[in-house]
Amino acid sequence: MPTQTFFNLPKEKRKGLIDAAFKEFSRASLADASISNIIKEACIPRGSFYQYFDDKADIFFYILEEYNKHNREKVLLLLKENDGDIFIAFNEFFKMMLERFQHHEYRYFAQNIFLNMSYKVEHRLALNVNNPEAKERTDEFIRSINRSRLNVADEKEVLHLTKIIVAITIQNFIRFFAREVPIDDIIEHYELELDLLKRGLSRNV
């Protein structure tokens, strides 16, 4: 996470550094990204960079968390707009993100995230309840889901269902970028998987 020195910078200087890092992580994966390119683009000395962040992974995960925070807020809004229906909310979110990925600014950053997925990255994108702040956000998310629409016993099962849907969503984003699947095809594939989950796969005999 950034140091307090970073947060003490004027807003435009913070934005300049974050924009430079975003540009570099859109060009290359975290492993291949260069601090030299970031500081050159941001017009700051190398020493100043290390006053703000420990290393390139530190600034990468800060940007990823901000990116993820925006996405969580969007899903929350979609839940509220659709009476807490988790399947509709995620379906709308998935299509919204695919549309967003058509723009160069977001496409290559997202592509480098999903095609270079590590456990740490996936953990950041998934629901995280391992620290108090994350747990508070997750609790708000779970409360926004209309349980009357679901065959679940309690909030624990709602959380597990949500994690399954998030995993399906991540895998379909990976599929979209890895295979360059047409948008209509990837939406059809995603909606089929959501529908299978919604209907269930066990038949009483």
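The values are calculated or read from the model by the stated rules, or taken from the named source; none is laboratory data. Predicted, not measured: the structure shown is a model, and the values here were computed from it. We place every Cβ from the backbone using ideal geometry, glycine too, and count neighbours over all the protein chains shown. Quick note on the areas: whole protein, heavy atoms, side chains included, nothing else; ligands and nucleic acids left out. Shrake-Rupley method; radii C 1.70, N 1.55, O 1.52, S 1.80 Å.
Kindly check whether there is at least one residue in the stretch 156-173 that is under 13 Å from the mean Cα position of the chain (by Cα) and without any contact (Cβ under 8 Å) to a residue 24 or more places away in the chain.
Looking for residues that are under 13 Å from the mean Cα position of the chain (by Cα) and without any contact (Cβ under 8 Å) to a residue 24 or more places away in the chain, one finds at least one in the stretch 156-173, hence yes.
Kindly list, by first and then second residue, each pair from a residue in the stretch 177-198 that is without any contact (Cβ under 8 Å) to a residue 40 or more places away in the chain to a residue that is open to solvent by 70 Å² or more (accessible area, probe 1.4 Å), limited to pairs with Cβ atoms under 6 Å and residues at least 6 apart or on different chains.
Filtered contacts from the stretch 177-198: no entries.
Condition first: closer than 29 Å to A31 by Cα, surrounded by fewer than 18 Cβ atoms within 10 Å (Cβ to Cβ), among the hydrophobic types (A, V, I, L, M, F, W, C) and without any contact (Cβ under 8 Å) to a residue 40 or more places away in the chain. Can you find one or more residues in the stretch 132-147 that meet it?
The answer is yes, given that some residue of the stretch 132-147 is closer than 29 Å to A31 by Cα, surrounded by fewer than 18 Cβ atoms within 10 Å (Cβ to Cβ), among the hydrophobic types (A, V, I, L, M, F, W, C) and without any contact (Cβ under 8 Å) to a residue 40 or more places away in the chain.
Give F6, F109, F93 a once-over and let me know the one that is open to solvent by less than 20 Å² (accessible area, probe 1.4 Å) and within 30 Å of N146 (Cβ to Cβ).
From the options F6, F109, F93, the qualifying one is F93.
Please count how many residues of the stretch 58-100 are over 13 Å from the mean Cα position of the chain (by Cα) and acidic (D, E).
Summing the residues that are over 13 Å from the mean Cα position of the chain (by Cα) and acidic (D, E) in the stretch 58-100 gives 6.
Taking the options A167, A153, name whichever one is open to solvent by 10 Å² or more (accessible area, probe 1.4 Å), part of a helix (DSSP H, G or I) and of a type in the set (G, A, S).
Within the list A167, A153, the selection yields A167.
When you check D55 against the structure, is it more than 17 Å from the chain's Cα centre (by Cα) and surrounded by fewer than 16 Cβ atoms within 10 Å (Cβ to Cβ), yes or no?
Yes, satisfied.
List pairs: first in the stretch 36-57 and over 29 Å from M117 (Cβ atoms), second polar (S, T, N, Q), Cβ under 7 Å, 6+ apart or cross-chain?
Hits for this filter: Q51/T3; Q51/T5.
Would you mention how many residues in the stretch 60-99 are under 21 Å from F176 (Cα atoms) and either touching a strand residue (DSSP E or B) at 6+ places or on another chain (Cβ under 7 Å) or of a type in the set (D, E) (or both)?
Number of matching residues: 2.
I'm trying to understand the selection: among the residues of the stretch 67-90, which are of a type outside the set (K, R), free of Cβ contacts under 8 Å to residues at least 24 places away in the same chain and open to solvent by 30 Å² or more (accessible area, probe 1.4 Å)?
H70, E73, L77, E81, N82, I88, listed by residue number.
Hand me the list of helices (runs of 4 or more DSSP H) wholly inside the stretch 22-122 holding 1 or more residues that are touching a helix residue (DSSP H, G or I) at 6+ places or on another chain (Cβ under 6 Å) and at pLDDT 95 or above.
Numbers: elements: 35-42, 46-52, 56-81, 86-100, 104-114.
Result: 35-42, 46-52, 56-81, 86-100.
Scan the stretch 187-205 for residues that are at pLDDT 95 or above and either closer than 14 Å to M97 by Cα or of a type in the set (S, T, N, Q) (or both) and report the count.
So the count comes out to 2.
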